[in-house]
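Take a look at the structure below.
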Amino acid sequence: MKFQMTMLVASFIITVFLSLIIIPILKKIKVGQIEREDGPQSHLKKQGTPTMGGIIFMISIIISVTGCYLYLKINNNAEVAQNLLPMLCLTIGFGAIGFIDDFKKLVLKNTTGLKPSYKMLGLLLISVAYTLFIISFSDIGTQTYIPFLKTYINLPVFLYIPFAIIVILSATNAVNLTDGIDGLSSSVSAIIITCLTVIAIVNNQMEVVIFGSITVGAILGFLIFNLHPAKVFMGDTGSLFLGGVISGISLYLKMPLLLIIIALIPILETLSVIIQVIYFKKTGNRIFKMAPLHHHFELSGWSENKVVMIFSMITLLVCIIGIFAVC
């Protein structure tokens, strides 16, 4: 456990150090946030705040995992070291797609960014590759844990493949939609990943414990600069990366169904958008003042800090329930 805490602290320090270097660079090249004119008026003052900051904790995690990999190799823990790579590759792949999208929008000033079809194709290919790895090149197989019943079921391969892909794409999109208020996506994701890491500790899955600890440390370091008033935003680079972490770890633990419990806030954010769109198309009216859900509460008079605090407390509560559901 001492080693995992060391890696958490190390990734935290690396992230803070990188933030102090990269944020001024983002300011210099004018990679600034573009706020929606139809969004909350309080957000217009954020126009120009450096974004694409997800690259900060993405680089930090790559450095930390690489260092950990080499350390484990030298100390005859080659199997654990090797098992870190699939989760890292999944998350880097998603982060890279987000980076390309952010780069085109913010640096090349292409307002459409990466074409949605290309973006979805990239995410789909990476999701398929990770799913095939789970089935063919690991001992994870198609086992899926049923929370509360505390039992595993073996899904047929033809069902597991689309199921796993949907889990990855849904989690990634949900975290992306949650990223709309200073520190919200970072805080919620940190709590969810901590929950998954605790479960990995109980199940003695050291590669997940190490990867989760490194990620949590990096997010906490980023939060110093991302809490209200944010000095940097994560952009699609960060939100897609974190979505990959959450989905990748849950599948690795054989517990994707647990996300229904512990990822309640991202799920509600996604549902609010779906409900809003469907209801508006049918009636011409809106159920929420604005979607995703966090904007509804903002326009209802909640401060950004209050939204982050309440949503984080709810996430902490459902994560405690989730731990009891599997332990």
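The values are calculated or read from the model by the stated rules, or taken from the named source; none is laboratory data. Here the structure is a predicted model, which is why all the values come from computation and not from measurement. Positions of Cβ are generated from backbone atoms using ideal geometry, with glycine treated the same way; all protein chains shown enter the neighbour counts.
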Residue selected from the range 263-299 under the condition among the small types (Gly, Ala, Ser) and either surrounded by fewer than 20 Cβ atoms within 10 Å (Cβ to Cβ) or part of a helix (DSSP H, G or I) (or both), by the criterion farthest from the chain's Cα centre (by Cα): Gly284
Take Thr215 and decide whether it is at pLDDT 95 or above, surrounded by 24 or more Cβ atoms within 10 Å (Cβ to Cβ) and among the hydroxyl-bearing types (Ser, Thr, Tyr). yes
Just to be sure I understand, how many residues within the range 200-223 are assigned to a helix (DSSP H, G or I) and over 17 Å from the mean Cα position of the chain (by Cα)? 5
Residues of the range 82-95 being out of contact with any Cys (no Cβ under 8 Å at 6 or more places or on another chain) and surrounded by 17 or more Cβ atoms within 10 Å (Cβ to Cβ), in sequence order, are Asn83, Pro86, Met87, Leu88, Leu90, Thr91, Ile92, Gly93, Phe94, Gly95
Just a yes or no: is a residue in the range 227-248 within 20 Å of Tyr152 (Cα to Cα), among the hydroxyl-bearing types (Ser, Thr, Tyr) and assigned to a helix (DSSP H, G or I)? yes
Got a number for residues in the range 101-130 being surrounded by fewer than 17 Cβ atoms within 10 Å (Cβ to Cβ), of a type outside the set (Phe, Trp, Tyr) and out of contact with any Lys or Arg (no Cβ under 6 Å at 6 or more places or on another chain)? 15
Within the group Ile25, Ile59, which residue is surrounded by 14 or more Cβ atoms within 10 Å (Cβ to Cβ) and either over 18 Å from Leu227 (Cβ atoms) or modelled with pLDDT under 95 (or both)? Ile59
Residue that is modelled with the lowest pLDDT, among those in the range 150-190 that are of a type in the set (Val, Ile, Thr) and surrounded by 24 or more Cβ atoms within 10 Å (Cβ to Cβ): Ile181
Which numbered condition trips up Glu79, out of (1) surrounded by 19 or more Cβ atoms within 10 Å (Cβ to Cβ); (2) without any contact (Cβ under 8 Å) to a residue 40 or more places away in the chain; (3) among the acidic types (Asp, Glu)? (1)
The range 62-76 - residue that is among the polar types (S, T, N, Q) and at pLDDT 95 or above and, of those, surrounded by the fewest Cβ atoms within 10 Å (Cβ to Cβ): Thr66
